[in-house]
1. Does HIS163 satisfy being open to solvent by 20 Å² or more (accessible area, probe 1.4 Å) and under 22 Å from ARG16 (Cβ atoms)?
2. Return the total of residues in region 393-420 being open to solvent by less than 60 Å² (accessible area, probe 1.4 Å), under 12 Å from LEU433 (Cβ atoms) and not in a strand (DSSP E or B).
3. Those residues that are part of a helix (DSSP H, G or I), touching a residue at least 24 places away in the same chain (Cβ under 8 Å) and farther than 15 Å from TYR177 by Cα, I need them from region 125-166; list them, please.
4. For GLU402, which of the numbered conditions (1) closer than 20 Å to VAL347 by Cα; (2) over 27 Å from the mean Cα position of the chain (by Cα); (3) at pLDDT 90 or above fails to hold?
5. If a residue must be out of contact with any helix residue (DSSP H, G or I) (no Cβ under 7 Å at 6 or more places or on another chain) and farther than 27 Å from ARG52 by Cβ, how many such residues does region 114-131 contain?
6. Do we find that GLU94 is under 21 Å from GLY181 (Cα atoms), acidic (Asp, Glu) and open to solvent by less than 70 Å² (accessible area, probe 1.4 Å) in this structure?
7. Name every residue in region 62-101 that is assigned to a helix (DSSP H, G or I), touching a residue at least 40 places away in the same chain (Cβ under 8 Å) and of a type in the set (Asp, Glu), in order of residue number.
8. For ASN54, work out the one condition from (1) buried (at least 17 other Cβ atoms within 10 Å of the Cβ); (2) outside any helix (DSSP H, G or I) it doesn't fulfil.
Amino acid sequence: MKVLKFGGTSVGSAERIKDVANIIIPQGKNVIVLSAMSGVTNMLIEICSYIRNNEAILAEQAITILSQKYIETIRNLFSEDNNRQAAAVKAMEESNKRIRSYIGNRFRNEDEKIVLAQGELMSTMLMHLYLHSLGVNSALLSALDFMRKSYNGEPDKEYITKHTNDILFRNSKADIYITQGFICRDCLGKIDNLERGGSDYTASLIGAAIKADEIQIWTDIDGLHNNDPRFVENTSPVRQLSFDEASELAYFGAKILHPTCILPAKQHNIPVKLLNTMQPSASGTLIGDIPDLPATIKAVAAKDNIKVISVKSDRLLLSYGFLHRVFEIFKDHTTAIDMISTSEVSVSVAIDNGKELDNIIKDLKKCGSVSVDEDMSIVCIVGNLHWNKCGLEAVVLKALEEIPVRMISYGGSNCNISIVIKACDKVKALNLLSKNLFYN
């Protein structure tokens, strides 16, 4: 059995839903994970903002716009099927009724999560009804019945494995299983979510739970490209990546794949395919446990909103415990470090979460002098880059000889060279890397 996940663009209209049906039906009995229709989650976030600010008229207007989007989709999906059209409209009205129930009342964080869940609940309902209209015996499974977080906020994998397999067994006569990405319950049973990109994570967690043969991530691009197509022309899909290579690219900015998706698949050695809903015959990208290949650079990604914090110890030599004290401060402020560059008496770190920046700086000043560079980007170069494969780091630096480099990280991973530059130099750097690494 496989797990197929389709993102918001893939189910963004009636025509797209029909296209997805044409993809999943021939593949047989699999688990299908759907995001909310494209634009819906943002609309729901907007509605939540209006409710929280007691802007009832604006909330009602936004709900009306959302309803119009659904009505258009429903009419195009079931133009000649009045019964299913009525069932879909009823589901939409019940969803809107639940959203409206919060208008004028105290709006809590847990209420917002219930509102946000409505997008996935509606997209899966529409797909389920459409498959039934084609004579497919699909089973609509609620992710809220098996997707759960533990007390530390991470997925409760033991719970997920047991309840996923139980619900599949109870619905064993179905031709296809349909369920929601993104949404889950917390450790107390309240509706929660896996945050942005969570549908990828849902698919990977289900894949691990059922020991799937394959996880397919369907989006609107034909695989993971060797550079960012938003900024670089003539990029091309990377046909094969290791789990580690894909994880590095996802973490450092490749938008097609969420970083959390890789680990459950890697732990169970389940291949992951990145495929294009608009071009289903395209090869896409295969991520898996691939053999050690000759030294090669496969792809480049970039991560924005980086801050570089430098700390220099007041002691010039033998500053025992200096690094320990610095890293404890980041731990105390629950801020992850993306890159590190050190000497005996100084350290520079790159972070992308500036929420606690002022407090971090205040505490770091107890360790020494502190400086901060903001508006930076991390450019990540990924491939088979083990240190004993000579020359690749030199090629990268040669390509960027026109770009001022703030930090370099090489050797912490066998598949990643990371470089911090000014954000204003990012596009130029990406294009220089493509020109020198891929198209020379």
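1. no
2. 4
3. SER133, LYS157, ILE160, THR161
4. Exception for GLU402: condition (1).
5. Summing the residues that are out of contact with any helix residue (DSSP H, G or I) (no Cβ under 7 Å at 6 or more places or on another chain) and farther than 27 Å from ARG52 by Cβ in region 114-131 gives 1.
6. Numbers: under 21 Å from GLY181 (Cα atoms): yes; acidic (Asp, Glu): yes; open to solvent by less than 70 Å² (accessible area, probe 1.4 Å): no.
Answer is no for this residue.
7. GLU72
8. Every listed condition holds for ASN54 apart from (1).
The values are calculated or read from the model by the stated rules, or taken from the named source; none is laboratory data. It should be emphasised that the depicted structure is a prediction, and the values quoted were computed from it without experimental measurement. As a convention, Cβ positions derive from the backbone with ideal geometry for all residues, glycine included, and neighbour counts pool all protein chains shown. Calculation scope for accessible area: heavy atoms of the full protein, side chains included, ligands and nucleic acids excluded. Shrake-Rupley method; radii C 1.70, N 1.55, O 1.52, S 1.80 Å.
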